[in-house]
1. Counting Lys +1, Arg +1, Asp -1, Glu -1, what net charge surrounds GLU44 among other residues with beta carbon under 11 Å of its beta carbon?
2. Pull up all non-local amide H partners of ARG118: gap of 5 or more, or a different chain, and H-to-H distance under 5 Å with H placed in the peptide plane.
3. When only the heavy atoms of the protein chains count and the probe is 1.4 Å, how do LYS253, LYS38, LYS205 rank by accessible area, highest first?
4. Relative contact order (percent) for region 149-273, with alpha-carbon contacts under 8 angstrom and 6 or more residues of separation?
5. Would you work out if the chain is rounded, prolate or oblate? Take a ≥ b ≥ c from the square roots of the eigenvalues of the alpha-carbon gyration tensor; rounded if a/c is under 1.5, else prolate when a/b is larger than b/c, oblate otherwise.
6. Going Cα to Cα from LYS270, which aspartates and glutamates come in below 16 Å? Please leave out same-chain ones fewer than 8 positions away.
7. Rounded to the nearest 10 Å², what accessible area does TRP115 show when all protein chains are kept and the probe is 1.4 Å?
8. In whole percent, and with a 1.4 Å probe on the protein chains, what portion of the accessible area of the chain is carbon and sulfur?
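The values are calculated or read from the model by the stated rules, or taken from the named source; none is laboratory data. Everything numeric in this text was worked out from a predicted model, so none of it was measured. Please note: Cβ atoms are built from the backbone with ideal geometry, for glycine as well, and neighbour counts cover all protein chains shown. Side chains included, ligands, DNA and RNA excluded: accessible areas come from the protein's heavy atoms. Shrake-Rupley method; radii C 1.70, N 1.55, O 1.52, S 1.80 Å.
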Amino acid sequence: DLAMYQAKSRGRNRVQVFSDKMVSVTPDTLLLENDLYKALERDELRLHFQPQFDCRSGRITGAEALLRWDHGGRLIPPSDFIPLAEETGLIVPMGEWVLQRACTMAQQWRELSGWPLRIAVNLSALQLDQPDLIDTVARTLAETGLPATALELEITESVVVRESLRAADVLMQLRALGVGIAIDDFGVGYSSFAYLRELPVDRFKLDRSFLSAVPQSGGDSRLVAALIAMGHRLEVGIVAEGVETQAQADFLKAHGCDEAQGYHLGRPMKEEAFEALLMAHSSE
Ligand code: C2E
Ligand code: CA
Ligand code: CA
Ligand code: CA
């Protein structure tokens, strides 16, 4: 929430306590909110693209679009402005921009490289609440020419569980368009396995916290292996996030994980860099 947001943006080393009233009139927040509001019209939003790989073949399967804000030459990470964007509702027009840009670039790259690239786009809870979400997605696909099957929408496990009834309905409608659905940060809220099984879902994205101590921790390694096996039993693909070492990549391959994403394999990169990577990859 805003109080947390501001406590963070005020410098991480100081402990501060804000009442809600104080926060709502603090000039810093108002300024940033105003700037964030203008970010869209000033064309200051950027997407970085992080490649995803098939664990077995090592080939690129897709890319995740990750939002950045170019604030006067300083690239601000999403953790520093998405909470405010959600609080103010700005995440809705921003999310539409992300969807449009990601689909446009993905289709351009598919045509340029001939590679069947899939593009993953993050959806916030507020977007899921918009009655016109399905129309927006359908229109964006029509405008950009991207096939529905080349788009995957990522929704976090917590959002799906919190809004369970509505989420199931929306996911069903997105599925009917042909769009893929991935459950992001999968495994963080275990209690929902039984429920997740009932959802129309194509992929689980295993939260990177599970992988950080693999393979040196026997317990964590067994847990990851079990989650992969469980995904397969449910006929859902598993993408492991946060692959930072070759040992982790080897572990995932050995345990039949489908896809992997992480700094060791490829960092989130600017459009030009991703295009160069894809062109080199597709001509190998
Ligand atoms: P996420 O969806 O879980 O995205 C993965 C995050 O992990 C990204 O952070 C990515 O840069 C980072 N990451 C990738 N590989 C590694 C690795 O090997 N090690 C580590 N430590 N981190 C890795 P980023 O780009 O800062 O994004 C943070 C979060 O912001 C995302 O988490 C997502 O929840 C949100 N976000 C980003 N773009 C959008 C967007 O367009 N819309 C919405 N609603 N949320 C977004
Ligand atoms: Ca994601
Ligand atoms: Ca994630
Ligand atoms: Ca995350």
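1. With Lys, Arg at +1 and Asp, Glu at -1, the net is +1.
2. Hits under the 5 Å cutoff: GLY62, ALA63.
3. The ordering from most to least exposed comes out as LYS253, LYS38, LYS205.
4. It rounds to 19 percent for region 149-273.
5. In terms of gyration-tensor shape, rounded.
6. Counting by Cα, and skipping residues close in sequence, LYS270 has these aspartates and glutamates nearby: ASP43, GLU44, GLU64, ASP70.
7. Spelled out: TRP115, probe radius 1.4 Å, area about 50 Å².
8. Here it works out to 53 percent.
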